[in-house]
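Here is the structure we will look at, set down as structure tokens.
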Amino acid sequence: MEDMKAALAAKGYDLVDQPGGDDSDSDDGLPGRIPSLEPSVAREKGNEAFKAGKYDKAIKYWQGGLKSILSSLCSGPQAMSDVSLSELDLTLNLNIAMAYMKKNDFESAERSVEKALARRDALPPHQITKALYRKASAQRSMHRLEECLETLKDLLGVEATHAAALQMQQEVDREWARQCREQKKNLKKMFSKLGDEDKEQQQKIRSERAEARLRCAVCWTEDDVNSEAFELGEAPACDGADWGMAFSRTVLWAIEQFSVEGRACLSREAQSASMWFVGASSTCELRFLQAKTLMTRLPHVQSLELVLLGFLGELDPDNKRVPDPKADGVPQGITRTKLDDGRCISLQLIKGALQDALAKELKPGSVATEPVAAEAQPGEEDAAAAAKANSKVHEGSAEVCEGTVKEEIPVEVVPPSLCIIAHPQLHRYFTDFFPALSWLIQHDVPTVVIGASEPDPSWRQDEVLLKAAGAHIVVGKRECPYPMCLPDNPSVKKCNHIIGFLGGKAVERERLTKIKLELLAKIIRFGDYRFRTRSTVLYLNSSDECGQKMVARTPLEGFPGDPP
């Protein structure tokens, strides 16, 4: 018999003792599916089983009565309006709910009450309040106090003077308030613990970054900004008045930022270093780059190589290239200078694009070296004036040629320790810089892009453009402690921020047009800006296949231009 019961139960049958005869309510009847019982009979037999503490048996009897009611309701529309059937349905469901509550199965009890309230509109108020009170009791037993209060509110809306409901409401209110206090206390403990863990993690990160600064080749002086304090917001940036120092110290700060991000490009063990300035101009890099400032803060470097590439001019509002005004006056070849402490600096200026220089001037042995000079300060403001009057510049291509040159680059060209692209205005010269960016990405050259503040769109757009070119951003855009500020408007700055990338997956030349179209459609919205100077309508590049016109900013007022 027990085996048969287990087999039937495994198949999903609800088993009760077979009714019939005087012993139909005993525990020894034959098992079977829930029989359909006349509702009044089912109620009576279920009540007897309930009083005897046989709750499962009572539930089965009452379910048999519900089965009979369901059959009656299916007989026609008249049965649906039969109030007596609705009241019997509610009574049996509430009885079942009470039996489940006796079994501590409060979820099943709540479901039974919900079934009882399914035909709420056909029930008298006293039946509704009875059902709602039982539902609230089940919810309270499950410690769902907020739901219990909502149910009691519903009940009191039907009968505002229901004494038992009012008493339960007061008790549950107190329990709910106590529960809220406990939850708040526990949350406070939890967040306190999390806060302590966060502090430990922050301290660990801070220590790691401090160690990375110690391993970096840059050694700051007392006149410089404390980098760690600036990062924590505990020290202000420079006032931006000393333009001569700002550019060189921004380059040094970029070297340090690569280190703290775990991508050191120049350590204290390095005896030599090389820096390429791509897209240089006579009005910015040549004018403000101070080699002495660099070497003072790189005390372990014995030999520093500086290469300035560019001097190709800029685009005017009509998208025509205007030559660099001092490009023909910069010295040719490589100039070497020996400092008092015996360390050496070499300076090379190349007119042309990076692609041309890689095939010509940057090839080992391709450029003559001038004799070592003493006490000279290459790269400072008077560098151009100190050049020989009849010197010639290594001529590269007048226009920047497109296309990656991965296969054409001579393998003997040694990439630099760091590449700097200062104020490139990528929103205007993205096509021009694309080949250089591709080469730098392919050869894993640590590269820093220095940007200006508003109204230049660099802060919003350069990181997006670099990612579009395939660059892996290592140093996310961050404000620099060494800006160049306009005297009459300190909020307008050059050297405002930097973005650093190292490696990545350079996109193919053939995809350039598609990339620019996607940027035009989804990201770059030049029309959203309002300019201090007159707006100009420019092509991204006059030879672009897409031929998309874009509104771009003119150079910042008060600053020299920044041609690529």
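Identify the residue in the range 187-224 that is within 26 Å of the chain's Cα centre (by Cα) and of a type in the set (A, V, I, L, M) and, among all such residues, is least open to solvent (accessible area, probe 1.4 Å).
Per the stated criteria, the residue is Ala212.
Give the range 443-487 a look and list any residue that's out of contact with any strand residue (DSSP E or B) (no Cβ under 8 Å at 6 or more places or on another chain), surrounded by fewer than 23 Cβ atoms within 10 Å (Cβ to Cβ), within 19 Å of Val278 (Cβ to Cβ) and not small (Gly, Ala, Ser), or say none.
The answer is His443, Gln461.
Can you pull out the residues in the range 225-238 that are surrounded by 12 or more Cβ atoms within 10 Å (Cβ to Cβ) and more than 20 Å from His423 (Cα to Cα)?
Val225, Asn226, Ser227, Glu228, Ala229, Phe230, Glu231, Ala235, listed by residue number.
Quick check on Pro490: is it at pLDDT below 90 and open to solvent by less than 10 Å² (accessible area, probe 1.4 Å)?
It is false that Pro490 is at pLDDT below 90 and open to solvent by less than 10 Å² (accessible area, probe 1.4 Å).
Test each condition in (1) on the phi > 0 side of the Ramachandran plot; (2) at pLDDT below 50; (3) crowded, with 22+ Cβ neighbours inside 10 Å for Gly558 and report the one that comes out false.
Failing condition for Gly558: (3).
So is Ser26 open to solvent by less than 60 Å² (accessible area, probe 1.4 Å), at pLDDT below 85 and part of a helix (DSSP H, G or I) or not?
So Ser26 does not fit the description; no.
Report yes if Ala241 is open to solvent by less than 10 Å² (accessible area, probe 1.4 Å), in contact with a strand residue (DSSP E or B) (Cβ under 9 Å, 6 or more places away or on another chain) and of a type in the set (A, V, I, L, M), otherwise no.
No: the conditions fail for Ala241.
If you go through the range 32-66, how many residues are closer than 20 Å to Lys102 by Cβ and in a helix (DSSP H, G or I)?
22
So in the range 261-285, with the set limited to residues that are of a type outside the set (Val, Ile, Thr) and in contact with a Leu (Cβ under 6 Å, 6 or more places away or on another chain), which one is most open to solvent (accessible area, probe 1.4 Å)?
Arg263
Residue check: is Arg287 within 26 Å of Val218 (Cα to Cα) and in contact with a Cys (Cβ under 9 Å, 6 or more places away or on another chain)?
When the stated conditions are applied, Arg287 does not pass them.
Restricting to the range 291-332, and then to whatever is among the small types (Gly, Ala, Ser) and at pLDDT below 80, can you tell me which residue is surrounded by the fewest Cβ atoms within 10 Å (Cβ to Cβ)?
Gly329
If you check Trp176 against the conditions, is it in a loop (DSSP other than H, G, I, E, B), in contact with a Leu (Cβ under 9 Å, 6 or more places away or on another chain), of a type in the set (Phe, Trp, Tyr) and at pLDDT 85 or above?
no
Considering only residues of the range 52-84 that are more than 27 Å from Phe106 (Cα to Cα) and among the aliphatic types (A, V, I, L, M), which is modelled with the highest pLDDT?
So, considering only residues that are more than 27 Å from Phe106 (Cα to Cα) and among the aliphatic types (A, V, I, L, M), the one modelled with the highest pLDDT is Leu73.
Would it be correct to say that Ala109 is touching a Cys at 6+ places or on another chain (Cβ under 7 Å), under 23 Å from Trp176 (Cα atoms) and part of a helix (DSSP H, G or I)?
When the stated conditions are applied, Ala109 does not pass them.
Would you mention how many residues in the range 478-512 are within 21 Å of Glu285 (Cβ to Cβ) and free of Cβ contacts under 8 Å to residues at least 40 places away in the same chain?
Residues that pass the stated criteria total 0.
The values are calculated or read from the model by the stated rules, or taken from the named source; none is laboratory data. None of the values given here were measured: they were computed from a predicted structure. So basically every Cβ, Gly included, is an ideal-geometry build from the backbone, and we count neighbours across all protein chains shown. Accessible surface areas use protein heavy atoms only, side chains included; no ligands, DNA or RNA. Shrake-Rupley method; radii C 1.70, N 1.55, O 1.52, S 1.80 Å.
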